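See structure below.
The values are calculated or read from the model by the stated rules, or taken from the named source; none is laboratory data. Only a predicted model underlies this, so the values are computations on that prediction, with no experimental measurement involved. Methodologically, a virtual Cβ is constructed for each residue, glycine included, from the backbone with ideal geometry; neighbour enumeration extends over all protein chains shown.
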Amino acid sequence: MTGERSGGRRRFDAAVTGLGMMTPAGKGTAASWEGIRRGAGTEAVRVPELVGIAPEFVCQVPDFDPVAVVGRRRAGQFDRSSLLLLAAAMEAVADAGLDPQSWDGTRVGVVIGNGIGGAETWEAQHRRLLERGPRRVSPRLIPMLSPNMAAGYVSLEFGARGPSLVTATACASGTTAIGTARELLRSGACDVVITGGAEAPLTPSLVTGFQQMGALSGRGDDIRAASRPFDADRDGFVAAEGAAVLVLERARDARARGARIRAMVSGYGASADAYHPTAPDPECTGASLALRAALRDAGIGPGEVDHVNAHGTATRINDATEARLIRQVLGDRPLVTSVKGVTGHSLSAAGAIEAAASALTLQDSFVPPTANLESLDPEIELEVVAKEGRWTPAEVVVSNSFGFGGQNAVLLLTRA
C-alpha cells in the first residue's frame, strides 16, 4: 500500500477505536460477529403482526430488552430504532475506553445514518388516532419518529456538543454517515465522532411496501435459507432491523492515548447513478465513480484490495450489477462476501453493520462466509466465500453500499 494519493498528499486514516452492534445475528459485537462468522443461515423469525398481510418472516435482534438499555421509566420514550442505536452506541463508547464524563463534549460529533425514522411509533400512533381519537396520540410522537433524533438522542446521552447530523441515503445511509464522520475528523471540527446507522422498519405497512415492489424473498417454507446473496436461486431480501456504531478518532490521537485500534477507515467515495428511482445502473457508471473515489482517497490501487464486503442484497438485479462493478474495477482477485445471508437487510443500518464486520475481518484476519450460497450464479464471476469462512491476512477491505435514488457510498478500510 502506498499511503499516498494523487499529488503526493498523505491519506487520512480514521482509527476505529470502538464498536457496538445490535443485529439479528446477536446482541452486542461479540455475539453479532460470532453469528456472522458462523454463517449458518438467515436469522429470520415469524412475527404475528405480519400474518396475512405481508411476508410473515423478518430478521429481528434477538431478546432485545429496552429496559436494560435506558431503564423502565424511559423505555417508552423512544422508538425501537433509537433504542437499538443507543444500545450499540453505549457499547461502542465503552469499547473505545472513553469516558463521556471527562471528555470535552464540544469536540465530540455524532453522525448517524437513518432513512425512515421511528416507523414503529408512527404506525402505532396513527392506528391509535384512527381507533381512539386525537387526544390519545402521544405528545412524544414527533421526537420519537423524526429521523434527526437518531443523532439527537446519542448527543443527549453522551453530552456530545459537536456537529450532530443524520444522513439519509436509503440503504447507503450508514456508510455515508461513516464517511461524513471521517471528514469531520479530517477537517479538525471534531476529535471524536460517534457514527453508524440504525433502522427498525419491521412494520406491516413498510414490509408490505417492499413486498409490493417485489423486493422480498418469498421462501416462507424455509426461512433459514431465505436470504441467498449471489446464489443462482436467490429471490429477494429479508427485511431486518439493527444498529451498529463505530467510534472514530484521528489515528495519531488514538495512538497517543494508547487506544486499541481495530482498523482504519482510509478511504471514502460517494456518487449518484442519476439513472432510476430504485433500479441500479446496469453499466455501473455511478457506482464505479464511488468505488474509484474511495481507492483514490486512500491512495490504494485496485489490485491491492483483498476483500469486498458486498452490499449483496440477494435480489437478482442488484447482486448481478454489484458483481459486474467489482469485476470491472477490482478484477477477480478479492474474496467477496455478503453478511446479509445471516442478518437480512436492515436498510440504513446495513452499511454500518458491514463496516463493523469489515473492521473485524481486518482485526481477526477472517473473511466470513456468505450464508445460504449453495450454487453461485454463473453471472457472478467472482470468488465469493461460501460454506466456511477463510483465514486470510487481509490488509485492505472495501465495503459497498447502494441505495434507492441511485445513491452510492463506498468505504475502504485498512489494517491498523
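Inside region 248-342, counting only helices (runs of 4 or more DSSP H) that do not spill past its ends, which hold 3 or more residues that are free of Cβ contacts under 8 Å to residues at least 40 places away in the same chain and in the same structural domain as Ile353 (by TED's automatic domain parsing)?
none
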(request) State whether one or more residues within region 202-220 are modelled with pLDDT of 95 or more, outside any strand (DSSP E or B) and charged (D, E, K, R). (result) yes
(message) Quick check on this structure: which one of Arg390, Arg415, Arg333, Arg327 is more than 22 Å from Gly236 (Cβ to Cβ) and touching a helix residue (DSSP H, G or I) at 6+ places or on another chain (Cβ under 6 Å)?
(response) Arg415
(request) For region 221-247, enumerate the residues that are among the hydrophobic types (A, V, I, L, M, F, W, C) and in a loop (DSSP other than H, G, I, E, B). (result) Ala226, Phe230, Ala232, Val238
(request) State which residue pairs qualify: first residue in a helix (DSSP H, G or I) and inside region 355-371, second residue of a type in the set (Lys, Arg) in any location, beta carbons under 6 Å apart, and separation of 6 or more residues or different chains. (result) Ala359/Arg262; Leu362/Arg415; Gln363/Arg262
(message) Quick check on region 180-190. Is at least one of its residues assigned to a loop (DSSP other than H, G, I, E, B), modelled with pLDDT of 95 or more and among the aliphatic types (A, V, I, L, M)?
(response) yes
(request) Can you work out which of the residues in region 260-289 that are of a type in the set (A, V, I, L, M, F, W, C) and within 19 Å of Ala181 (Cα to Cα) is surrounded by the most Cβ atoms within 10 Å (Cβ to Cβ)? (result) Val265
(request) Taking only region 326-360 into account, find how many residues are more than 26 Å from Thr203 (Cα to Cα), more than 10 Å from the chain's Cα centre (by Cα) and of a type outside the set (Ser, Thr, Tyr). (result) 13
(request) List every residue pair whose Cβ atoms sit under 7 Å apart, with the two residues 6 or more apart in sequence or on different chains, where the first one lies in region 139-151 and is farther than 13 Å from Glu120 by Cα and in the same structural domain as Gly118 (by TED's automatic domain parsing) and the second, anywhere, is modelled with pLDDT of 95 or more and among the β-branched types (Val, Ile, Thr). (result) Asn148/Val166; Ala150/Ile112; Ala150/Val166; Ala151/Val110; Ala151/Val111; Ala151/Ile112; Ala151/Val166
(message) If I filter region 19-31 for residues that are within 17 Å of Val207 (Cα to Cα) and modelled with pLDDT of 95 or more, do I get at least one hit?
(response) yes
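Considering only helices (runs of 4 or more DSSP H) fully contained in region 68-159, which possess at least 3 residues that are under 18 Å from Leu206 (Cβ atoms) and charged (D, E, K, R)?
119-132
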(message) Where the second residue is surrounded by fewer than 21 Cβ atoms within 10 Å (Cβ to Cβ) and among the charged types (D, E, K, R) and the first is assigned by TED's automatic domain parsing to the domain that holds Gly220 and in a loop (DSSP other than H, G, I, E, B) and lies in region 48-63, which pairs have Cβ atoms under 6 Å and are six or more apart or on separate chains?
(response) Glu56/Arg46
(message) Please go through region 51-102 and give me each residue that is closer than 20 Å to Leu347 by Cβ, out of contact with any strand residue (DSSP E or B) (no Cβ under 6 Å at 6 or more places or on another chain) and of a type in the set (Ser, Thr, Tyr), ordered by number.
(response) Ser82
